[in-house]
1. Ignoring ligands, DNA and RNA, what percent of the accessible area of the stretch 270-466 is carbon or sulfur (1.4 Å)?
2. Excluding ligands, DNA and RNA, what is the solvent-accessible area per residue of the chain at a probe of 1.4 Å, expressed in Å²?
3. Got a sec? Charge dipole of the chain, +1 on Cβ for Lys and Arg, -1 for Asp and Glu; which of P190, M378, P115 is way out at the positive end?
4. With the crude spin-label approximation of a point 7 Å out along Cα→Cβ, what separation in nm comes out for E66 versus T374?
5. Add +1 for every Lys or Arg and -1 for every Asp or Glu among the other residues with Cβ under 12 Å from the Cβ of Q250, and state the total.
6. How long is the gain from N385 to F147 if the chain were fully straight, where each residue apart is worth 0.36 nm and the alpha carbon distance is subtracted?
7. Computed FRET efficiency, Cβ-Cβ of V488 and I433, R0 45 Å: what is it to the nearest 0.05?
8. Cross-link list K28/K207; K236/K338; K236/K268; K19/K207: which exceed 30 angstrom alpha carbon to alpha carbon?
Amino acid sequence: MPENAEIRNDALDPRNYNKLYLNGQYVKAQSKDTYSLKNPKNNTTVIEDIPIAGPADVDAAVGYAEEAFRGPWSQFTALQRTECFLRLVTLLDNELTPILEMDSLTSGIPISLAPIRELNYIRNCVLYYAGWTDKQKGDYYPADDGFVKLIRHEPIGVCAAINPFNAPLATFFLKAAPALATGNVMILKPSEKTPLGSLAASPLFEKAGFPPGVIQVITGPGSTGALLAEHMKIRKLSFTGSLGTGRLIQVAAARSNLKRVTLELGGKSPALIFEDANLDNALTWTINAILTRSGQLCVAASRVYVQRSIADQFIKEYTRRMELAINDFGDPQDPTTKLGPMVDASQLERVMGMVERGRSEAELIVGGLQFGDTGCYMQPTVFLNPKDDAEIYRNEIFGPVSIIKTFDTEEEALKMANNTEFGLMSGVFTRDITRALRVSSSLDSGVVGINCVSLQSLQAPFGGRKQSGVGREFGEYALRLFTEPKTVLINMGA
Ligand code: NAD
C-alpha cells in the first residue's frame, strides 16, 4: 500500500455532487429531473438532488467529447499520455481514499476496504495501463503482390461506459484506463445507486493533465443509459451490469449505429471441492467469495459442489463460518467493519424474495432473514440440494446466499457446474495438478481458479462465456476492444 493512503479526516460532502461533470467542469444539468439517495445502513438521506441527465445533456457531453478527441487529445504523444497516467496515480494515492469513503455512503461498501483493496486495485490498474500507451504496434506485409500493407490500431473515438452499483470506482477506472491509453475519450454513467465517487474522482483527470472532455460523467438511471446506448455518435459502449440490461444495450446498439459493445454481465460461479483438496484453503476462498460486498459480486462463488466423501466435514465447517460471519456486520463507515449492508432496500427486498421462494425448493440450513431491523443487511444464507429448476439455483441472486450440492465423480461435478447459461468464473480445489488442469479445460467459464476462486488479475483477460458477456476486459485484451484496425495499402508501382 502506498505510504500516504491511510484513512483521512477530510471527509467530502456528498451534497456537493448534484451536478454533471462535463468538459472539465461541474455543471447544472439541463434536465430538471432529479432523484435522492439514502445510506443503506439506516435509510437516512445522503443527497436529495442527483440529476437525471436527459437528451440535451447527453448531446452536450458527446459534443465536448468529439472536440477533445479531434482536438487537444489527438495531439498528445504516447509518452505524454503515459505522463498523465503517472500523475493520475500520484493523485489517486493522495486523494482517492476520501472519495471512496464518501462513495460508501450510498454503496454500503465498508470503508475498511478502501485503502487496502480499492485504492490499490484502482491505482495499479492506472499504473498498468500507463505502460501500454506506446505499445499499440501494428503490422506490415511485404509487397509480394505489388502493394505494401500497413496495419494500424487506431482509437475508436467517443466511447461510453455504463457501470453497475457494486463496484463503482473500480469499474470507472477499469474502463477509462484502457480507453484513454489507446487515445479514446469516454463518457461514463455510473449506476444511479452509486454515482458519488465517480463524480468526485473525475476532476483528477484534468489535474493529471488530460484535456477537458476526455473524461466526463453524467448521472441518471436506465433511461439515461439508454440515451447513451442509442446515441448515433457514440462509437463504442462498454457495459458492466446485469444480463437483462446487457441484452437491451446490445439491441439499442444494433438499432442505432452498430456501436461496438462490450458486455460484462452476471455470473453463477461454481466452486468444485474434491476430496483431496486443502479444506481450510477451500473454505476460506469459498466463504470470502460469497460474503465480500455482501455477495454483491459478479464472481461470487454462489454454487459450491463438494465430493461426497468430505461433504459432511466441509458443510459443517462452511455453515459454522457462515453463521459466525454475522459478527462481522457493522457500520460501513466504521473503519473496523468488515461486512456491510446490501446497496439499498430494493436490492434487499429482491434477494429476500428469492430466499423466501427458495425455502420450498431447497433445504435452508443457515440464515434466510434480514439482519437487524434498521438498514439493508441480509444474513449470510446457505441452501442445500436445490431442485434442478429452482430459481435460487438457476438465477444470479447477488446477495450473501450460496447453494451447496454433493457429487461422486468428476464427470458429475462438471456436468452440474456447466449446466447454466452463465460462464464468468469457476474454481476447482484439489491437490492433484493433473485433475486441476483437466477440470480447468472442461469448465465453461471465462476464468477458472485452481485452489482459488472469485479472483481477477489485471494482466489477464477477464470476461464471460455464454450469457455472462461479450468481449474481455483487463490486460492487453481490453486495449484491443478500444481500437479498430486500419489497413493502408501502398501501391509500389506508382
Ligand atoms: P443493472 O443492469 O441493473 O444496471 C447497470 C447499469 O445499467 C446502471 O448504470 C443502470 O442505470 C444502467 N441501465 C439500466 N437500464 C438500462 C438501459 N435500458 N439502457 C442502458 N443502461 C441501463 O445492474 P446492477 O444491478 O447495477 O449491477 C449488478 C449486475 O452487474 C449483476 O448482474 C452483476 O453480476 C453484474 N456485474 C458484472 C461484472 C462483470 O465484470 N462481469 C462486474 C460487476 C457487476
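The values are calculated or read from the model by the stated rules, or taken from the named source; none is laboratory data. This structure is a prediction, so every number in the text was calculated from the model and none was measured. Cβ atoms come from the backbone with ideal geometry, glycine included; neighbour counts cover every protein chain shown. Note: areas computed on protein heavy atoms with side chains; ligands, DNA, RNA excluded. Shrake-Rupley method; radii C 1.70, N 1.55, O 1.52, S 1.80 Å.
1. After summing per-atom areas, the C and S share lands at 49 percent.
2. 41
3. About the Cα centre, the residue reaching furthest to the positive side is P190.
4. Those two pseudo-labels are separated by 5.1 nm.
5. Within the 12 Å Cβ shell, the charges total +3.
6. Residue separation times 0.36 nm, minus the Cα-Cα distance, leaves 79.2 nm.
7. Computed FRET efficiency for V488 and I433: 0.45.
8. From the list (K28/K207; K236/K338; K236/K268; K19/K207), the Cα-Cα distance tops 30 Å for K236/K338.
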